[in-house]
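Bear in mind these aren't lab numbers, they're just calculated from the coordinates by the rules spelled out. Computed from a prediction, not measured in an experiment: that's the story for all the values here. Cβ atoms come from the backbone with ideal geometry, glycine included; neighbour counts cover every protein chain shown.
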Amino acid sequence: MGWDAKDIGLLTRLWSSGQSAAQIARRLGCSRNAVCGMLTRQGLKRGHKPPTARPKIRPSPKLKPTSAACTRPVAKKVSRKAPERQQPKQFSKQQLYEILAEAVKNTG
């Protein structure tokens, strides 16, 4: 859209009267983005709107620490090192045969 002085004057009047960019765009026969762009180039700003709702801001309640870990003494110190594993007991071939024979006898 080509903006001439007449369109810019109408834009300024409608904007200062409180109409929205969409309403002005319908009146001028252009897009809302074109109106917003021209408003920016002209340096026209709408002031901040007053808030419509008045929220009640309450302070958050102060919480007391209730961690049980802080109140009890530590019973034993835990090491970060991995415990040493015991080596499995070594059986001879004869002992393994005896264990196997006893297991078969107990299951049958």
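Taking the Cβ of residue 10 as the centre, find all other residues whose Cβ is under 15 Å away and add up their charges (Lys, Arg: +1; Asp, Glu: -1).
+2
Once the piece of chain linking residue 82 and residue 17 is laid out straight, how much longer is it, given 0.36 nm per residue of separation minus the C-alpha distance between them?
Gain on extension, residue 82 to residue 17, equals 15.6 nm.
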